[in-house]
């Protein structure tokens, strides 16, 4: 009665070794510069994007769009 013992899986004769090959420092610098150029790009003057109407409606219902523009705490954002 009860569960039977599982058969042991046969051992594999593989040995996994994590070794990093030597890298050329010039190549690493070039790769770092290239990745920074690709992923570090931000547009200088991004266009404003209008969210979908159902997002705006949800934000209005949650009170996230009720902003007093004369609030002194927010004045530095509108200069």
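A short reminder: the numbers here are calculations on the coordinates, not readings from a lab. Everything quoted here is computed from the prediction, not taken from an experiment. Here Cβ is always computed from backbone atoms with ideal geometry, including for glycine, and neighbour counts include all displayed protein chains.
Tabulated values for the structure
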| read-out | value |
| --- | --- |
| Nearest 10 degrees, 0 to 90: helix 53-62 Cα axis against the chain principal axis | 80 |
| Degrees separating the helix 25-39 axis from the principal Cα axis of the chain, which is the longest one | 40 |
| Gyration tensor verdict on the chain (Cα atoms; rounded if a/c is under 1.5, prolate if a/b is larger than b/c, oblate otherwise) | oblate |
| Fewest-first sequence of 13, 66 by Cβ atoms within 10 Å of each Cβ | 13, 66 |
| Distance between the range 52-67 and the range 1-33 - C-alpha centres, whole angstrom | 49 |
